[in-house]
Each structure stands twice: as C-alpha cells, then as structure tokens.
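Encoded as structure tokens, the structure appears first; notes follow it.
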Amino acid sequence: MDQTVREGQGMATISRVPSSYVCHTILKASSSLAAKELISRIKSKIHGNLTHGNFTQGQLTLFVRSEHVVVKKLEPGRCEAQETVSKYKGTYKWLLTNPTDTAQTRCIKNRHENATRLCSISINTGKSQWEKPKLKQCKLLQGLPDKIVDLANITISDENVDDVAEHVLNLINESPTLDEEETKIIVSKVSDISRCDEISMNLTQIILQIINALLGKQNNSASDLHEVRNEILRIIERAGHKMEFSGRTANLTAARLALAVLRVDHAFEGMAFGIRSLEEGADPEIYLGEAPLGRILASIYLPKSLRERIPLSNLHTILFNFFGQTSLFKTGSVTKALSTFVVSASVSDTAIENLAEPVVITLQHVEGNQNYDQVHCAFWDLEGNNGQGGWNSSGCKVKETNVNHTICQCDHLTHFGVLMDLSRSAMDAVNERILVLITYIGCGISSIFLGVAIVTYIAFHKLRKDHPSKILINLCTALLMLNLTFLVNAWSSAFQEVGLCVTAAVALHYFLLVSLTWMGLEGVHMYLSLVRVFNIYVPNYILKFCLVGWGIPGIMVAVTLSVKKDLYGTLSSTTPFCWIKDDSTFYTSVVAYFCLIFLMNLSMFCTVLVQLNSMNSQSRKTRRKTILRDLKGTTSLTFLLGLTWGFAFFAWGPVRILFLYLFAIFNTLQGFLIFVFYCLMKESVREQWRIHLCCGWLRLDNSSDGDSRCGLHVGYKQERLKKTFQEKLLTPSLKSTATSSTLKSLGSGQCTLSEISFPNGERNLGCLPLHSRKIDSTEATCVALGDASPSRLKACVHVYEGSFLAEKVRIEAPSELSTCKPGGLFD
C-alpha cells in the first residue's frame, strides 16, 4: 500500500509492501501459576516487547498485533530409551530422558570420557525427539594407519571425521616431504572430509592447517600439485561455506592461509576483506569491515550493489580467502609469473558475474616492480589448461599500478592475482598503435608483390625450369597465404563466432609453420648445392620437398587439434585476435620449431660466407670492386632464409622497442624484399619482362635471349669465372648436382698437353682429364686440372658448379686449347 505524507513544503512517498512471517519459539517455564494464567502473562510480555520496535532493522519493520501472538501448552513427552550402533566407536545405550535434557554414557575405548545425546522438542510437532549422538570425545575402536599411503582404505563419515582429520595433520607434520602419490591421497581424504554434513569451525581450522602443511612439504615446489590444485581450492570453498558458526562473521587463519565468512542480510552495505601483515611464524592479520581499505598487503572490496545479485530468500554466505603461499597457482609460463599473493571471494550456491559496479582488488608486489614491467590483473580459471587451471584476464583490468601495488577491477568473483610479464612486453599505447599499423601496411605491401613474383615465375617457363625457382615459388606462396590469413584474422574475431575464430587461428598457425618450413628447405637446398655437390642424386626432388614443406605443418596442426580444439580461439576480451591460447602449445609448436629452422638457416648462411672467403685471393683493387656485389648477395640470402626473424631474440631490456620495430618492418616486408632481389634486380627476370611485356624500343627480341648467345668453350679466365660464380651463387636460380643437370656429354677423352694462363700471371701445365658422372639420368662431364694444387683443384670444382648451375655462363678459352677434343662445360 502506498501512503503519501506532507512534511512542510515537501512530499514524501513511503512504500509499504505487506508480508507475513511466522516465528515458532519453544519456552520452558516453571511457575506455581495455573496454566491459563501463565499463558496469558507470556502472551502479554511477548506483545509488549514487539510493539516497542525491537524488530526494526534498516527499512524492515515488523508490526505485530495482540491477536497475532499465540501461546499454547505443549506436552512433548520424554525420549524413549534407545540403542545406537557406531561402526567406528561401538554401540551405546541411551536411557529414558526428559525433554531438553542431555543423556550421557561412558565411552567404550576411553572410559574416562562421555558420549552425549540431547533430547530436544520438535519445532514442527511439539514432541520430544533424540538428536544425533555426540561421540567426538570417544576414541575409535581401531587405530588409524601410521602411513599416509594406507589412508586410501579409510572410509570417512560424520562419526570419525574429526579423528581422521587430526590424524592426517599429524602424519603430514611427521613426514619430511610428500611425494606425488601421498599428496593425491591426502587431498582425496580431505575432500571427503569437506563433504561431511557437519563442518565445525574446529574442523575447518584443521583443514586449513592440513592444506598449509601440504603446500610446505612438496619435493619440488609445485611440481606435484598441478593435478590436485583445483580440488584443493574447491575443498577450502566447500568447507568455508558449510562451516557452522555463531554471529554474523567468523575468521580462521593458518601460517600462510586466511579465511573469513560473512552472512549476507538486508543490511549489506559492501564489505572489505584484507590482510594487514604476513610474518614468518605468525598467522596473517585479518581485517574485515565495510569501508574500503588502503594499500595493505592484499585486499578485496565487494560493492554494495552485490546485494542485488544475492537472493535473500535463503541464508547465503560470502567467503573470503587469502593465499600467502602461491605454489598452487604456478603454471610454468616462461613469459608471465605471479608477482603478488592471491585473494578470492565467492558467494554460496551463486555465481557472480557481469557486475555493473566492479570488485576492487588491491595487491602488493611481493618483490616490487622495479622495472615497471607490464602487469596483468587475472583470475584463476578452474576450467583452463585442459581442466588443470590457469590464469585468465577476461573481465579484469588494471586501474592503477606502481612499484609497490597494483589495483585491479573485475566484474566477477573468484581467485585474483597480478601477473608480471617476464618478457617485458609492456608498451605504451602510441608505440603499440604504430607497430600494429606497420604490421598491417607491411603485410599488405608484401601480399601484392608476392603475388607479382608468383605470377612472373609461373608465367615464364624459362624462369621456373630449374629446381631453385620452384622452391622459390612455394616459399612465396606460403608467405602470401600467411600475410592474407593475418590480415583477415582481426576481421574474423570481430564476429565473435567460436567456429570462425578457431578456423582463422588454425589457418594462421598452419601457414606460419609452412612459411618457416620452406625457409628451412631453402637452406637445405643450398647445403646440397654448395657443400655436398657430388654423389647426392635424389629422385623426385621437388615432389619430396613439397611433401615436407606442406605436409609436416599439416601434421603438427592436426595433432594440436586432435588434443583439444579449445587450444585455439580469441586470446582475451581485450585482444580481439584469434590464435593459440595455451602457452605450452605455443612454445612447443611455434617457438621451438622456429628456433630449429632459424639455427639451421643461420648455419647455412655462415657456410656460404666461408665458401666465398675460401676462394683464391684477389688484389685490393679487384676486391673493392666486388664489395657491393657480395653485399647484395648476402643481403638477399638474409631475407630468403628468414634470418630477420632473429630480431625477436633481441627484443628484451632497454633495446626492446627498437628491435620490435626492426622485427615488424623487416618481417612484414619480407615478401616485398624477396621480390626486389629475385625479380627486380635479377637480369633473367628483367629480360623476360622486356621480351613479353614491353613494346617499342624497350622490347627485347627473343633471339637475344642468353641461351642462344651462349657458346661452347673449354678453359677459363679466372677473373671472369670468379665474378660469374659469385653472382650466380647467391641467386635463387641455383641448381645443384643433387637436383638437376642441363649438361649433356659430347664424349670423353683426354685433352692434349696444354698451357693455361691465369689473369694473375700464374701458369699451369697439364692435361684436362675428363670424368663422367651420372647426374639425374644424364651423362655429364666433370673437368679438373690434372696437376693443379689443392686450392686450384677446389677452384676448378667451383667452376664446374658455376658453369652448369648458373643460367648463362660463358667460358673463354685461350687458343692453345683449340686442339682439345670436345667434352667440356655446357649449358
């Protein structure tokens, strides 16, 4: 009913919602008055107390009329004699007992103590009834095992729960350490204890002491806890909410654990729980009050609006926990580590999520945050990491952080902590936006030019007739798909469709591995071409490369999906990007694989440099002329082999931002730079463009193509040969004796004795013996100087490589060798 009241010039509206409540009370009264007179006096006394407003609290007021109070005489009778059987403590007989009296009998095992049982009156029927026997003081008929492993055979019930709990605590304290099997048995027994119907404050205190001792007796930190840590958290929560206590609040502490319970009622105006101090050897000092706390060791403040989310029709409790020992929450992440203690809050039988007014958590850094590393507010997700639990930042954000404290705001209740980013990926918003912009622009540019490079090599047969060009086509295709999947990834996550996001993450993972694999295959091919050279004929060479380059990444992604599809998805609500969510999977399938490919290609790159430096020395004048050519070759190899990905190893410490910029620029532009070095700066590609794409005076006649202008010669001039070798060695069109051959033997025989002159003035006499070797089902002729020194012979082998591996090599011979029989080096 609404009633309007005028007060001065203002108007006030008072809303009264009619409700009825029934309260039953049993009174035991002794008086000489007649029953009727005694009932009348009791009724008058109760009504007088109620009308004085003793039941007004907040906005709730009870109005009780005289006729609402009913008092009547009960005749409950006595509790009959009875016998109870306890499996663990024996059989006990209870004599005839008056209502509200407590019967006693001697314990069977320890006769100096008594078992008790109350004869109460039922509030519903008004008749006498026996309560459950209290056998806590009586000892068990059979003792408990002296070994932790033997506890597995013990069944826990309300009769023996206190004895088992105390015994488990004693066994843990007597044990120097606990192995994994013992830890699991203890957690299993404590879990059974927490499921009993009656959980007293004393029993809850013992449970806290057991868990505290358990955490301190591990062989190897938290190595044995990863399978039981979630159950330990559930045990504490279950026991805390079931704990029996009087009053509105209750507090319990162990050495590095604390628990506080609050009953929720209409007077809830917000609540703050905190730990003021934590000293070795002393229990934590608890603070519990309605006012928000300052920056103490750890605190959590629940807003007043939380009352609207808790149904008051039942008796609900709010449970606060503090964990000063954080081994339960260690995940083994190499990039993020817990830097604070952990606090939690939960409401019995109610999940609290999506709060309009956030929960405020203040946590002190255990060792300080001296370098101002980025911190993340996170909660412990019991379902994360394949059910083993893990940190999750969803719904939490950092409100404020400094060297000593971090203040978090979260929209739900659970276990909260602050993670410090060990990779120091903290970055101001400006640099982050610039890097994102660079990444998207670079990927877009590379995608365009990779497409041009692929079309060029596929369209012109002369460019793709050798194996290195085919490998280059596959690498460009992989990089193109990687760039495209990256560009559409953020767009996919914006739809918030789980299936679409998983698909985008799987595609990105696959094409990243494919790109890395083809970079590695480029290195393998260079090793076969430059180091092994002879006796390495491989049938179906490109087919096998394709099976490796496209197949192995597919197998790795398929295995990851078969383990658990949920490993892929949106990283967090604040990071709309579909990728691998699990850290261990990311480091195993991406980081480790990248390190393997990078180290292999770095070794190949160094091998190429050694090969170049091992050639015969030149004069300073000649050396200066080849500096730019060598620089171009080594630079092109750097991008072809993906060595710029190594900038990620240096993105650490004070130079971190610089190397992140270098990493973003060079890696997103890798496709564009490959186009520059292997299309734009390559003479054969430019010739094909001029032949087929140009017109007028820019058009190059097909008859001028290098193949038709290349003649047959025997012998060489060293300067011309070295220049040709160096130019062709560092191009992607290399062919090796392991892969292909365009040589055709025109016969074999012995050359006449001749004198060969070199540009540096050296002279050498000898025959040119001809050696025949089967390469790719084709007879090829191997040329070497018969009486040359080892260094000269090595140069001849390199000449042999360059002569048929390069696209066009013109070998000029002195006229003295014109009498040699056919059988030299051919295109």
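To the nearest 10 Å², what's Glu357's accessible area with a 1.4 Å probe?
80 Å²
Apply the Karplus curve 6.51 cos²θ - 1.76 cosθ + 1.60, θ = phi - 60°, to the phi angles in the range 314-329 and return the couplings in whole Hz, x for Gly and Pro.
10, 7, 10, 10, 9, 10, 10, 10, 10, 10, x, 10, 9, 4, 4, 9
Extending each Cα 7 Å along its Cβ direction at Asp381 and Cys546, get the distance between those two points in nm, one decimal.
4.0 nm
Can you give the net charge of the other residues whose Cβ lies under 11 Å from the Cβ of Pro358, counting K and R as +1 and D and E as -1?
Values: positive: Lys397, Lys399; negative: Glu357, Asp411.
Computed value for this residue: 0.
Long-range amide H contacts for Val342: which residues qualify at under 5 Å (H placed 1.01 Å from N, peptide plane, sequence gap of 5 or more or a different chain)?
Those lying under 5 Å, H to H, from Val342 are Phe323.
As an exercise, use a Förster radius of 35 Å and the Cβ-Cβ distance of Phe586 and Thr177 to find the FRET efficiency, rounded to the nearest 0.05.
Between Phe586 and Thr177 the formula returns 0.60.
Which of the residue pairs Lys43/Lys242; Lys147/Lys217; Lys73/Lys136; Lys147/Lys336; Lys336/Lys397 have a Cα-Cα distance greater than 27 Å in the structure shown?
Lys43/Lys242; Lys73/Lys136; Lys147/Lys336
Tabulate in residue order the Karplus-calculated ³J(HN,Hα) for the range 238-245, using 6.51 cos²θ - 1.76 cosθ + 1.60 with θ = phi - 60°, rounded to whole Hz; enter x for Gly and Pro.
Karplus-based 3J(HN,Hα) across the range 238-245 equals 5, 5, x, 6, 8, 4, 8, 8 Hz.
What span do the alpha-carbon atoms of the range 195-330 cover on each of the three principal axes, reported in whole Å from largest to smallest?
Sorted from largest, the Cα extents of the range 195-330 read 48, 38, 24 Å.
State the extension gain, in nm to one decimal, for the chain segment bounded by Glu269 and Glu308, taking 0.36 nm per residue of separation less the distance between their alpha-carbons.
Gain on extension, Glu269 to Glu308, equals 12.9 nm.
For the range 145-212, what are the per-bin percents of Cα-Cα distances with bins 10 Å wide, up to the bin holding the maximum?
Result returned by the calculation: 21, 61, 18, 0.
What spacing in nm lies between the two simple spin-label points modelled at Arg690 and Asp566, each 7 Å away from Cα in the Cβ direction?
Reported label-point gap for Arg690 and Asp566 is 6.4 nm.
Residue by residue through the range 465-480, what is 3J(HN,Hα) from phi via Karplus (6.51 cos²θ - 1.76 cosθ + 1.60, θ = phi - 60°)? Round to whole Hz and write x for glycine and proline.
The phi angles translate into 7, 9, 5, x, 5, 5, 5, 4, 4, 5, 5, 5, 5, 4, 5, 4 Hz.
By how many nm would the segment from Lys134 to Lys399 lengthen if fully extended, with 0.36 nm per residue of separation less the alpha-carbon distance?
90.2 nm
Once you put a point 7 Å from the Cα of Ala459 and another 7 Å from the Cα of Thr350, both along the Cβ direction, what distance in nm separates them?
Placing both labels 7 Å beyond Cα along the Cβ direction yields 7.0 nm.
Say a paramagnetic label sat at a point 7 Å from the Cα of Leu596, along Cα to Cβ; which residues of the range 538-569 have their backbone N under 20 Å from it?
544-564
Rounded to the nearest 0.05, what FRET efficiency is calculated for Arg65 and Ser122 with R0 set to 25 Å and r the Cβ-Cβ distance?
Approximately 0.35, to the nearest 0.05.
How far, in nm, would the chain grow between Val538 and Thr25 when pulled straight, counting 0.36 nm per residue and subtracting the alpha carbon separation?
Contour length minus Cα-Cα distance gives 175.0 nm.
Where the eigenvalues come from the Cα gyration tensor of the range 260-384, what are the semi-axes √(5λ) of the equivalent ellipsoid, largest first, in whole Å?
Values for the range 260-384, descending: 27, 17, 14 Å.
If R0 is 35 Å, what FRET efficiency do you get for Asp411 and Glu231 from their C-beta distance, rounded to 0.05?
0.85
The values are calculated or read from the model by the stated rules, or taken from the named source; none is laboratory data. Just so you know, these numbers come straight off a predicted model, no measurement behind them. Here Cβ is always computed from backbone atoms with ideal geometry, including for glycine, and neighbour counts include all displayed protein chains. SASA here: full protein model, heavy atoms, side chains in, ligands and nucleic acids out. Shrake-Rupley method; radii C 1.70, N 1.55, O 1.52, S 1.80 Å.
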